[in-house]
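Visitor: Take this structure first; my questions come after.
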């Protein structure tokens, strides 16, 4: 919808409510995605820094991160229940 106000014209877009919240029952998957992404980002940055000069560092870092994240995401999601069970076994209330 276009509205005319005084000397100018403004374009008014309708407000659209977008609910991107994920149900809590899938929280362990969200945690795994965030945790693996952050871990791989740091590890790829550490591994990439000595290998490349400053100019190509960011490009190499992001490519390394994407490859490592795509590799580690399934591992983290599949290992999390076993790790949680092991932690529960090794600890007490």
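Visitor: Name the single residue, out of those in segment 41-55 being exposed (fewer than 14 other Cβ atoms within 10 Å of the Cβ) and in a helix (DSSP H, G or I), that is modelled with the highest pLDDT. Let's see the steps before the verdict.
Guide: Let us first name the residues in segment 41-55 that are exposed (fewer than 14 other Cβ atoms within 10 Å of the Cβ), namely 42, 46, 49-51, 53-55.
Narrowing further to those that are in a helix (DSSP H, G or I): 42, 46, 54-55.
Values: 42: 85, 46: 79, 54: 68, 55: 67.
Selected residue: 42.
Visitor: For segment 8-40, give me the residue count where each residue is part of a loop (DSSP other than H, G, I, E, B) and modelled with pLDDT under 75. Full working, then the answer.
Guide: Narrowing segment 8-40 to residues part of a loop (DSSP other than H, G, I, E, B): 12-23.
Still in the list and also modelled with pLDDT under 75: 12-20.
Summing the residues that are part of a loop (DSSP other than H, G, I, E, B) and modelled with pLDDT under 75 in segment 8-40 gives 9.
Visitor: Across segment 56-93, what is the number of residues that are outside any helix (DSSP H, G or I) and at pLDDT 80 or above?
Guide: Total meeting the criteria: 1.
The values are calculated or read from the model by the stated rules, or taken from the named source; none is laboratory data. What you see is a predicted model; the values in this text were computed from it and never measured. Counting neighbours? That spans all protein chains shown, and the Cβs are built from the backbone with ideal geometry, glycine included.
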